[in-house]
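Structure, as structure tokens:
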Amino acid sequence: MNLSYPTLKTPLLMIELFTLLFFLSATSLFAAAPPPPNLPQGEIMRLGERMYREGVLPSGAPMPAFIRGDVEVDSTAFSCSSCHLRAGLGSFEGGVITPPTTGNKLYKPYIRPPSLGVIADRDGRDVYAKTVLERPPYNRETLATALRFGTDPTGHSFNDVMPRYPLADNDMSILINYLELLSKEPSPGASKDEFRFATIITDDVSQEDRQALLRPLQQFIAQKNQQLGMYNDFIKFGYTPTAEMKYAFRRASLDIWELKGPPTTWQKQLAAYNNNKPVFAVLGGISNSDWRPIHDFCEAERLPCLFPITDFPVISETGWYTYYFNKGFAQEGEAVARYLNRMENLSADTPIIQIVQDSPAGRALAAGFDKNWNEVGRPAVTTITLTASQLVDPAALAKILTKHKPGVLLFWTEAGLLQNLPALIARLPATEMVFVSSSYLGRQTANIAENIRNKVFITFPYRLNPYVGTKTGGFDAKIPILTGAKDFGDRRIASRTTAMLQQATLQGLNMIYDNLYRDHLFDVMSMQMDLVMRDYERFSFGPGQRYVSKGCYIIQLGPGENPTLLPRSEWVVQ
Amino acid sequence: MRVTLKTIVLFLLLALVSATLSANSAHAANKSYKRTVEKYTIPDIVLVNQDGKKVRLQSLFTGDTPVIVDFIYGTCTTICPVLSAGFVNLQGKLAVTGQKVRLVSITIDPENDTPKIMKEYLKRYRAKPGWDFLTGSRTDIDSVMRAFNAYIPDKMSHYPLNMIRNPKDGSWVRLFGIMSSREFLEEYQSVVGK
């Protein structure tokens, strides 16, 4: 801290001075443990959670913090949970190991995993976050000291990543109480020897799609149980398992939660299943309807739902408990907005018209476009909603085109439209561009008339580069899989479910060890490295990121009956 | 026979599991940060800033204002907060002395970091004008990382790095590690020649 500034007028300096005084008084007065706050437990959890997750003090003021002695930070920018993660079990990123910070762990002796060790000093890399490797248990008093002054019970200083928090006694005691309660009891549906899972299927799903989902799921469960058998043999023969092995093998079971009738009744049905036999997580699932009731149920129950097959996920920046493959139809609408936004030669006054089939898919595509178009600061476009029968009436469509004279036309419709498309396009100016969704058109996408293919741009949310990885994440031969016109309309239920299980989910389940907390499963999964997938160019993770495939190509079709897919955009357009 | 096969498969499996699970366990002497002076060739690419505007990267690295570059991403834990806190503090300190600096954060998560996310990030850190956050295509981002000898194949394995461009000769002071705000300010002053 530097007090030789000429004036103390700026608030920054005032805070520094205040903090110095605080530290001085704290060091001299500091002896007693903070008294437990005189508040009901629910209130402590609420206030403590806000400190831990949002960096806001019970008073509503931001929590002050310091890094490296003098780098002052405002904890609303980043909080305990930014580093120790939501479940409080810590993280490993950027060569820094952030240790657990739950009462369960802090009040026991602990051997901290060393931070990234000696990387050969190449390219300017070096060790920068060394850790003290062992410590005795904390108590409330030494824990308060740790948070205020950055030292463990033996007086060793933490490395520079962990901030120092000059908290008043009452605030400190709320935070410590919160840490004591954080991830205290294991989540339902998991135990030392078992994981219970369910999958969700709604009654609008065909038998064929249902089987496509269930086959890989049941295989996964069988495989887990078989591995457990092998592991038990291994122990029987007198081998000693490593620490990681001890937690990688558990019995697993899968229930099928069938949802019947109107979506308004689903939550009740889900609650009945879950109360009867709670599960640790929902693995996959499938519905042709809006996923929202299930999404909301999982949020409310804090129940992980991993990668359901749905074209109608909930688009939310704060949703926590459902991992989606992508944003479904909305992502295709968004891709068009991004693409048009980046077009050099599209003048700002080109009229853009959205013709939307009055259906959930049409509306989701349009909403995805509108949201993104608005986000990039563009004015709203004209949207016209039509019924399926209006869409196949050439006269009705012609009237709309004459009236609006669009330069860009977005057709968020089913394939019925395709037969009239050449006639419609003939009426439009030569510079006209038409956008359609391959997911909505389905198989018929390949049948777009040849003479208009140069005008028609198609959203395609799947991989185009030949896939040369393994199909299942196992030891398969590496035969490149090529995407082509034959793949239009394929929902890839089995391959997507297999990949999410074998790549993303298994990794997460193995890495939680004996920390059987649902929040921890998300923490661990969100810290995964990017994955190359069979159906998508890439899955990418990160705390709070819940739509793991971020891409969607804009393509055009080559000539012929089995046209080549010609990318006109990158996988992700920024 | 059956057992042997099983055991082999199991060993394979376990080898795989432990390979993915175990972190590097060596560790070395404490050192705060490491400083070198480098020359970099900046690729001629166009990135997108937090306002959604296209920015030609080379155009940021000209003129007589020192430029500081770091690599972060919107949802990152652990080091980005620390790096970004360093940026805000430096902005604050230089505002007091009336000195100029241009701060440039480049995302290493270009697929997720949209202008909107980057804008919110800067707001969260109370960044003042003069601190830009850039995204772009993965190919372009990879080429920037390579140009600064900072290529990482995956964002989860990044490390704390600041680079200060000296406007006098275009050289870069490369600072690896976490600095106190006094050290950071000193490094800045050494570049501007004070």
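The values are calculated or read from the model by the stated rules, or taken from the named source; none is laboratory data. Just so you know, these numbers come straight off a predicted model, no measurement behind them. Neighbour counts run over all protein chains shown; Cβ positions are idealised from the backbone, glycine included. Keep in mind that these areas ignore ligands, DNA and RNA; they rest on the heavy atoms of the full protein, side chains included. Shrake-Rupley method; radii C 1.70, N 1.55, O 1.52, S 1.80 Å.
A single entry from A:Ser91, A:Ser81 fulfils the requirement of being open to solvent by 20 Å² or more (accessible area, probe 1.4 Å) and over 24 Å from B:Leu90 (Cβ atoms): A:Ser81. Cβ separations smaller than 7 Å between residues 6+ apart or across chains give no pair from segment A:163-178 residues that are touching a residue at least 24 places away in the same chain (Cβ under 8 Å) and at positive phi to residues that are crowded, with 21+ Cβ neighbours inside 10 Å and among the charged types (D, E, K, R).
Note on segment B:120-131: residues that are at the interface with chain A (Cβ under 7 Å from one of its Cβ atoms) and in contact (Cβ under 8 Å) with a residue 40 or more places away in the chain total 1. Do we find that A:Pro293 is assigned to a helix (DSSP H, G or I), under 21 Å from the mean Cα position of the chain (by Cα), surrounded by 21 or more Cβ atoms within 10 Å (Cβ to Cβ) and not acidic (Asp, Glu) in this structure? Here the answer is yes, as A:Pro293 does meet what is asked. Listed conditions (1) surrounded by fewer than 16 Cβ atoms within 10 Å (Cβ to Cβ); (2) in contact with a strand residue (DSSP E or B) (Cβ under 6 Å, 6 or more places away or on another chain); (3) within 14 Å of chain B (Cβ to nearest Cβ); (4) not aromatic (Phe, Trp, Tyr) are all met by A:Thr240, apart from (2).
Taken over segment A:190-249, the criterion of being in contact with a Pro (Cβ under 8 Å, 6 or more places away or on another chain) and not in a strand (DSSP E or B) is satisfied by A:Tyr231, A:Phe234, A:Ile235. Residues in segment A:552-566: is at least one touching a residue at least 24 places away in the same chain (Cβ under 8 Å), within 14 Å of chain B (Cβ to nearest Cβ) and closer than 30 Å to A:Ser79 by Cβ? Checked segment A:552-566: no residue is touching a residue at least 24 places away in the same chain (Cβ under 8 Å), within 14 Å of chain B (Cβ to nearest Cβ) and closer than 30 Å to A:Ser79 by Cβ. Taking segment B:1-119 as the region of interest, the helices (runs of 4 or more DSSP H) fully inside it that hold 3 or more residues being within 12 Å of another protein chain (Cβ to nearest Cβ), open to solvent by less than 30 Å² (accessible area, probe 1.4 Å) and modelled with pLDDT of 80 or more are B:79-97.
Among residues that are at pLDDT below 95 and under 25 Å from the mean Cα position of the chain (by Cα), A:Gln419 is not included.
Which members of segment A:67-84 meet the condition of being more than 7 Å from chain B (Cβ to nearest Cβ) and at pLDDT 85 or above? Answer for segment A:67-84, where residues must be more than 7 Å from chain B (Cβ to nearest Cβ) and at pLDDT 85 or above: A:Ser79, A:Cys80, A:Ser81, A:His84. Apart from one condition, B:Gly170 fits all of (1) open to solvent by 30 Å² or more (accessible area, probe 1.4 Å); (2) on the phi > 0 side of the Ramachandran plot; the exception is (1). Being open to solvent by 10 Å² or more (accessible area, probe 1.4 Å), out of contact with any helix residue (DSSP H, G or I) (no Cβ under 7 Å at 6 or more places or on another chain) and either within 13 Å of another protein chain (Cβ to nearest Cβ) or of a type in the set (A, V, I, L, M, F, W, C) (or both) is a property that A:Tyr547 has.
Among the residues of segment A:516-524, is any over 19 Å from the mean Cα position of the chain (by Cα) and either part of a loop (DSSP other than H, G, I, E, B) or not assigned by TED's automatic domain parsing to the domain that holds A:Arg302 (or both)? The answer is yes, given that some residue of segment A:516-524 is over 19 Å from the mean Cα position of the chain (by Cα) and either part of a loop (DSSP other than H, G, I, E, B) or not assigned by TED's automatic domain parsing to the domain that holds A:Arg302 (or both). Of all residues in segment B:132-182, those that are more than 20 Å from B:Glu38 (Cα to Cα) and more than 13 Å from every other protein chain (Cβ to nearest Cβ) total 1.
Residues that are buried (at least 16 other Cβ atoms within 10 Å of the Cβ) and among the hydroxyl-bearing types (Ser, Thr, Tyr) number at least 1 in the following strands (runs of 3 or more DSSP E) confined to segment A:400-505: A:433-437, A:456-460.
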